[in-house]
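The values are calculated or read from the model by the stated rules, or taken from the named source; none is laboratory data. None of these values were measured; they are calculated from a predicted model. Virtual Cβ from ideal backbone geometry, glycine too; neighbours counted across all protein chains shown.
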Amino acid sequence: MTKILFSDKLDKCVERWKSAGLTVMGPVQRANIKTYAAVEHASEFDFGLILTDRSIKDLFFPQTEPMLRYTIKKDAINTDECLPPREQRIIFGARACDASGMAIDDPLFGWDYKDEYWFQRRNESVIVTIACTNADEFCMCTSLKMAPDSTKGSDVLLRPLENSKGWQVEELTERGREAFKTIADLLQEGSDTAAPVAAVAEKFDLDACVAWLQNPENFDSKFWKEISMRCIGCASCTYLCPTCHCFDIQDEGDTYSGIRRKNWDSCSFALFTLHTSGHNPRSTQSARWRQRIMHKFNYFPSKFNANSCSGCGRCSRECPVDMGITETLQEISKLSQ
Amino acid sequence: MSIEEQYRKRAMELLSGGAVKMVIGYGRGSNAERRRPVFISSPEEVNRLVLDEACIANLSGYLVNEGLLSDEKRVAVFLRPEGIRAINILAAESQLDAEQIVIFGFDVSGNEVKALKGIHVEEFEDVIGAIKEHAPEMGNEELLEKIEQMNPQERFAFWKEEFAKCIKCYACRQACPMCYCRRCIVDSNQPQWVNTSSHSLGNFEWNIVRAFHLSGRCVECGNCDRACPVNIPLRLINHRMAQEVLKSFDHFAGMSKTQEPVLASFKKDDSETFIL
Ligand code: SF4
Ligand code: SF4
Ligand code: SF4
Ligand code: SF4
């Protein structure tokens, strides 16, 4: 017997969580975009989506957010620190690749400086992941040694029932157990079997790729230019990526008052490493693409012991010129044979 | 012989004879529906070229990649009529020398791909003239009509919702052959003309600045809205501006390589309805 949450009880759960003061969020389709957003009713969720276009990162690390407001007067400078509004949230229906992406970024945001914006939201959120029973051709969690039902980064894992009537419930963390206590009487014990998770083929040999990237001789390989010739240098891949975390700090306003903001930034932009002198250490698009790959599969793991990629496949799915991590690592796999 | 075979053969001849140093075309993508840009510089590789109804991206933007044309050698490129118009504009705006561009022209209607006769950009003026008279359907006429029927408040609300989705990834700019500025206005920070943040004001500023800069220059290839990862129907804005420019100045972007840019030239009889 396992704990079961039947779909027809979900609307009650949403209400229960709301009255407990939680904002309830999850996958929806709105204004022609698939994204995670707050809902009022369970009927707004779209669990049929393989994956949202936008990643769950938006909820922890938004594209722009205020850090402080300032005013400058003749004899005084005033600053007001802005932290995100306090908000307890439950994100219902995340995907394993998105949830694990957040866990991948935790050490980064807590490394030499604790990023309060990130951790406040992390600590105030419960992530309820639904294991995938469908995948598309771009999904590649298994190539990253994860799976459609990985638990990394999730507080609760739900497994869809074979009869599509609900989910088996696995509470994974204290925070998850706490949130599900609120709905304990809406759960049932049952013997309904879970549907098999999606079959996601392995697309490349990760270990071989990492070894190739770690070999300093390959830094100047002509491979980088060939593979990235068609890259147009947008930030579609980095901004949709759950684990890409670069940001820029910008002041908006004038000499007397304004606001300091934390905005997404991307290593694919030519401006990203442009020095004041005019020199750019990554002066070509191929150097920028190499950086993205090296960062994810060489530098990041050497520091934090995990690849900075959860295999969601968005970079390949959405690239305007049909590039992406998958193709690059497939080609590297071939080179290292 | 299919057009694909004809063009492969032509690419082979041009590359082996040294008449062009590179052919920019389409190759197979990561699945059956996708095509991706390929850059062919040796005759042995011409079989990678694909030409079918899935070849829709406008490839002309690659021609202005830094350094590509600076050795004065020729480059061949697969182009639909919109791409050919883009070459005219790039030439008229002194971004490239049209002599260096060898065109593999084609057009797609339904499932049919037909070759367009000609090699140099001047040879396609009839094709472009015909589009000016008879614009092909873009497939978004319904939405266009709906927006046309809205009052200004409704229209503002529509675009506000759309622009709220923008994440300032600049894929629209990077995909657009007309967005070739080495330093875009939004990347200039001394002074900072446009907010870099992706909040409502910043998103409005960005999309409106871009719409103005594309007025009379957009060729309606659709690269921008296909590239936009959050599905903003960007082409509609540029399409509306193109209609406006056509009506006010009888200017159809990309008619010829000597056409004067509409916003950088004037005629004594230009209408002055907008001058208060
Ligand atoms: S790989 Fe694709 S999405 Fe990423 S920067 Fe290049 S063109 Fe844009
Ligand atoms: S690099 Fe690509 S596949 Fe990996 S997490 Fe980012 S978007 Fe997903
Ligand atoms: S604005 Fe869009 S449709 Fe117009 S030329 Fe640029 S990419 Fe093509
Ligand atoms: S492509 Fe779309 S999301 Fe990206 S900057 Fe342009 S309008 Fe915004």
Inside segment B:226-237, can you point out the residues that are surrounded by fewer than 24 Cβ atoms within 10 Å (Cβ to Cβ), touching a Leu at 6+ places or on another chain (Cβ under 8 Å) and over 25 Å from B:Ala92 (Cα atoms)?
B:Pro233
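Within segment B:193-225, which residues are free of Cβ contacts under 8 Å to residues at least 60 places away in the same chain and at the interface with chain A (Cβ under 8 Å from one of its Cβ atoms)? Before the answer, list the steps.
Narrowing segment B:193-225 to residues free of Cβ contacts under 8 Å to residues at least 60 places away in the same chain: B:193-216, B:218, B:224-225.
Listed by number, the residues that qualify are B:Asn195, B:Thr196, B:Ser197, B:Ser198, B:His199, B:Gly202.
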Leading residue by the ranking (nearest to ligand 4 (Cβ to nearest atom)) among those in segment B:238-257 that are polar (S, T, N, Q) and at pLDDT below 95
B:Asn238
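Would you mind stating whether A:Phe300 is aromatic (Phe, Trp, Tyr) and more than 24 Å from A:Ile332 (Cα to Cα)?
Working: aromatic (Phe, Trp, Tyr): yes; more than 24 Å from A:Ile332 (Cα to Cα): no.
Taking the combined requirement at face value, the residue does not satisfy it.
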Among (1) assigned by TED's automatic domain parsing to the domain that holds A:Phe300; (2) among the small types (Gly, Ala, Ser); (3) more than 16 Å from ligand 3 (Cβ to nearest atom), there is one condition A:Gly233 misses while meeting the rest; what is its number?
(3)
Taking segment A:221-241 and the residues there that are within 16 Å of ligand 4 (Cβ to nearest atom) and among the β-branched types (Val, Ile, Thr), the one that is surrounded by the fewest Cβ atoms within 10 Å (Cβ to Cβ) would be A:Thr238
Before we move on, is A:Ala38 away from chain B (no Cβ under 14 Å), more than 23 Å from A:Thr243 (Cα to Cα) and hydrophobic (A, V, I, L, M, F, W, C)?
no
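Restricting attention to segment B:130-170, report how many residues are of a type in the set (A, V, I, L, M, F, W, C) and within 11 Å of another protein chain (Cβ to nearest Cβ).
7
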Criterion first (surrounded by fewer than 21 Cβ atoms within 10 Å (Cβ to Cβ), touching a residue at least 40 places away in the same chain (Cβ under 8 Å), more than 16 Å from ligand 3 (Cβ to nearest atom) and not aromatic (Phe, Trp, Tyr)) does A:Ile249 satisfy it?
yes
Over segment B:173-187, the set of residues over 11 Å from B:Ala227 (Cβ atoms), in a helix (DSSP H, G or I) and at the interface with chain A (Cβ under 9 Å from one of its Cβ atoms) is B:Asp187
Tell me which residues, restricted to segment A:60-113, are more than 30 Å from A:Ser143 (Cα to Cα), assigned to a strand (DSSP E or B), aliphatic (A, V, I, L, M) and touching a Phe, Trp or Tyr at 6+ places or on another chain (Cβ under 9 Å).
A:Met67, A:Ile72, A:Ile77
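In segment A:7-14, is there at least one residue being more than 14 Å from chain B (Cβ to nearest Cβ), within 25 Å of A:Ser150 (Cβ to Cβ) and polar (S, T, N, Q)?
Within segment A:7-14, the subset more than 14 Å from chain B (Cβ to nearest Cβ) is A:7-14.
So of that shortlist, the ones also within 25 Å of A:Ser150 (Cβ to Cβ) come out as A:7, A:10, A:13.
With the extra rule that they be polar (S, T, N, Q), the set shrinks to A:7.
Scanning segment A:7-14 turns up at least one residue that is more than 14 Å from chain B (Cβ to nearest Cβ), within 25 Å of A:Ser150 (Cβ to Cβ) and polar (S, T, N, Q).
What helices (runs of 4 or more DSSP H) completely inside segment B:95-172 contain at least 2 residues that are away from ligand 4 (no atom under 16 Å from the Cβ), among the charged types (D, E, K, R) and in contact (Cβ under 8 Å) with a residue 60 or more places away in the chain?
Details: elements: B:125-133, B:141-149, B:152-164.
The qualifying helices (runs of 4 or more DSSP H) are B:125-133.
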B:Thr273 vs (1) in the same structural domain as B:Met150 (by TED's automatic domain parsing); (2) over 20 Å from B:Gly61 (Cβ atoms): all pass except (1)
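Restricting to segment A:206-233, what's the tally of residues that are within 16 Å of ligand 2 (Cβ to nearest atom) and assigned to a loop (DSSP other than H, G, I, E, B)? Walk me through how you get there before you give the answer.
Of the residues in segment A:206-233, the ones within 16 Å of ligand 2 (Cβ to nearest atom) are A:206, A:209-210, A:213, A:227-228, A:231.
Subset that is assigned to a loop (DSSP other than H, G, I, E, B): A:231.
Adding up the residues that qualify gives 1.
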Checking the conditions here, which among A:Phe180, A:Phe219, A:Phe247 is modelled with pLDDT of 95 or more, more than 16 Å from ligand 1 (Cβ to nearest atom) and within 14 Å of chain B (Cβ to nearest Cβ)?
A:Phe247
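In the set A:Ser333, A:Ser308, A:Ser236, which member is out of contact with any strand residue (DSSP E or B) (no Cβ under 6 Å at 6 or more places or on another chain), within 16 Å of ligand 2 (Cβ to nearest atom) and at the interface with chain B (Cβ under 9 Å from one of its Cβ atoms)?
Numbers: A:Ser333 fails: at the interface with chain B (Cβ under 9 Å from one of its Cβ atoms); A:Ser308 fails: at the interface with chain B (Cβ under 9 Å from one of its Cβ atoms).
Among A:Ser333, A:Ser308, A:Ser236, only A:Ser236 is out of contact with any strand residue (DSSP E or B) (no Cβ under 6 Å at 6 or more places or on another chain), within 16 Å of ligand 2 (Cβ to nearest atom) and at the interface with chain B (Cβ under 9 Å from one of its Cβ atoms).
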Against the definition (within 13 Å of chain B (Cβ to nearest Cβ), in contact with a helix residue (DSSP H, G or I) (Cβ under 7 Å, 6 or more places away or on another chain) and within 25 Å of A:Asp58 (Cα to Cα)), how does A:Glu318 come out, yes or no?
yes
Take A:Ser55 and decide whether it is out of contact with any strand residue (DSSP E or B) (no Cβ under 7 Å at 6 or more places or on another chain) and within 14 Å of chain B (Cβ to nearest Cβ).
yes
Every residue in segment B:226-237 that is within 8 Å of ligand 4 (Cβ to nearest atom), within 12 Å of another protein chain (Cβ to nearest Cβ) and not in a loop (DSSP other than H, G, I, E, B), please.
B:Ala227
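Can you confirm whether segment A:244-259 contains a residue that is among the β-branched types (Val, Ile, Thr) and in contact with a helix residue (DSSP H, G or I) (Cβ under 9 Å, 6 or more places away or on another chain)? Full working, then the answer.
Filtering segment A:244-259 down to residues among the β-branched types (Val, Ile, Thr) leaves A:249, A:255, A:259.
Adding the requirement that they be in contact with a helix residue (DSSP H, G or I) (Cβ under 9 Å, 6 or more places away or on another chain) leaves none.
No, segment A:244-259 contains no residue that is among the β-branched types (Val, Ile, Thr) and in contact with a helix residue (DSSP H, G or I) (Cβ under 9 Å, 6 or more places away or on another chain).
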Out of all the residues in segment B:17-37, is one or more at pLDDT 95 or above and part of a helix (DSSP H, G or I)?
no
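Within segment A:22-39, can one find any residue that is at pLDDT 95 or above, more than 24 Å from the chain's Cα centre (by Cα) and not hydroxyl-bearing (Ser, Thr, Tyr)? Break it down stepwise before answering.
Of all residues in segment A:22-39, those at pLDDT 95 or above come to A:22-29, A:33-39.
Now drop any that are not more than 24 Å from the chain's Cα centre (by Cα), which leaves none.
Scanning segment A:22-39 turns up no residue that is at pLDDT 95 or above, more than 24 Å from the chain's Cα centre (by Cα) and not hydroxyl-bearing (Ser, Thr, Tyr).
Name the single residue that is nearest to the other protein chains (Cβ to nearest Cβ) among those in segment A:15-27 being in a strand (DSSP E or B) and crowded, with 19+ Cβ neighbours inside 10 Å.
A:Pro27
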